[in-house]
Amino acid sequence: MSLSAELDDNAHEVLVSVIVPVYNEAPVLDAFHARLSSTLNQLEGMQSEVLYIDDGSTDESFAKLEAIHSHDVRVGLVRLSRNFGKESALSAGLDLARGQAVVVIDADLQDPPELIIDMMNVWREGADVVNMRRISREGETLFKRFTAHFFYRVMNRLSDVPVAQDVGDFRLLSRRAVDALNTLPERCRFMKGLYAWIGFHQVTLNYFREPRHAGITKWKYWKLWNYALDGITSFSTGPLKVSMYLGLVSSLAAFFSGVYFMVKAIVYGDPVPGFPTLIVAVLFLGGLQLVAVGIVGEYVGRLFHETKARPKYILDQVKAPQEQK
Ligand code: UDP
Ligand code: MG
């Protein structure tokens, strides 16, 4: 084969990128990488790169990743300057990935790497986004399952684009889907919503979500609550409308009860017991106003973050895969 033909051949070879956000996952990294790389070896006729994004880990994760990087030529390694959160780590990965197909997967082995083969098959058949729906959530509390379920319901009621139910971040994106995501400038990145927002041909596969291999979840309930608020406020102005209608209803109620008490006093000469009605009305309206202001505040706060237009993440170190240097 002539040199130019060979170059041409390489240019047409499919490259798969796998993005792995890592935050304090030292105990699982070796097991994860072993399973991931044996899966990637099974992808015939394809090149692959694995991008580990160390999201400011404070344990030995980065040292472990450096060792993996030096042993495996297809591994790229990025370290963020501090812990920016999973969404930012994913953004960094999506910016740096070069593959025609990009897979996002958690490092804790809750998402089985072996499924990448199935995802690639669906991608080859023309899907732009392959969503992975978990049909079991082993090792998660009943409360977490219930709140997650409730969240998706509320979210889909409120937002204009349907967010796929029970689909986490584990998914495959085609090149043009990644390019579309990368053009979105927002800083409050609620990825689940953004994946849905870009549209394209989406396919959903089911899988069993395994319990964490080792280590602990980084998501505490307070964080999950804020994550849910992020999701709702960045995809819907529904809460603003609700607070407006609540205000409307309560002022109508106040008007009619005013008429009622007036008639009672003037027509029937009934002395109106003032204090209880007054205090109830004042507290009710005061509470309602605070809630409404709070809802507006959530949106204003997000506007504040967006207008500062800070970068989504800051890179500390980048080590490209040795294969493609
Ligand atoms: N993660 C991250 N930055 C964070 C928190 C988590 O990069 O600030 C990574 C973490 O290392 C893992 C993935 O995101 O690979 C999912 O995190 P976790 O397993 O704690 O979430 P859960 O599976 O409980 O939703
Ligand atoms: Mg997990």
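We did not get these values from a lab; they are worked out from the coordinates using the rules stated. Here the structure is a predicted model, which is why all the values come from computation and not from measurement. Every residue, glycine as well, gets a Cβ built from its backbone with ideal geometry; the counts of neighbours run over all protein chains shown.
Starting from 0.36 nm per residue, how many nanometres of slack lie between K241 and E323 once their C-alpha separation is accounted for?
Gain in length upon complete extension: 24.2 nm.
Take each of the peptides 194-202, 231-239, average the number of other beta-carbon atoms within 10 Å over its residues, and list them starting from the highest.
Descending mean neighbour count gives 231-239, 194-202.
Given the options A92, A148, A254, state which has the largest fluctuation in a GNM of the chain using a 10 Å cut-off (strictly under) for Cα springs.
Maximum fluctuation in the GNM of the chain, among the listed residues, is at A254.
What is the Å³ per residue value for the convex hull set by the Cα atoms of the chain?
Values: hull volume 54.0 nm³, N = 325.
Spelled out: Cα convex hull of the chain, divided by residues, is 166 Å³.
Comparing L43, L172, L51, which has the greatest mean-square fluctuation in the GNM of the chain with Cα pairs linked when under 10 Å apart?
Residue with maximal mean-square fluctuation among L43, L172, L51: L43.
Using Cα springs under 10 Å in a Gaussian network model of the chain, which residue among N131, N182, N121 shows the largest mean-square fluctuation?
N121
Given the pairs K223/K312; K223/K308; K144/K319; K192/K312; K86/K308, which span a C-alpha to C-alpha distance of over 28 angstrom in this model?
K144/K319
Where in the stretch 123-172 are there GluC sites (Glu not before Pro) that are in a DSSP coil and have at most 13 other Cβ atoms within 10 angstrom of their Cβ?
Those satisfying the criteria are E125, E138.
Could you work out [θ]222 nm for the chain from helices alone, using -39500 (n - 2.57) per DSSP H run of at least four and dividing by all its residues? Round to the nearest 500 deg cm²/dmol. Present the calculation step by step, with values, prior to reporting the outcome.
Details: 11 runs with 170 residues, N = 325.
Rounded to the nearest 500, it is -17000 deg cm²/dmol.
Between helix 221-235 and the chain, what is the angle of the helix's C-alpha long axis to the longest principal axis, kept within 0 to 90° and rounded to the nearest 10?
In the chain, helix 221-235 runs at an angle near 80 degrees to the longest axis.
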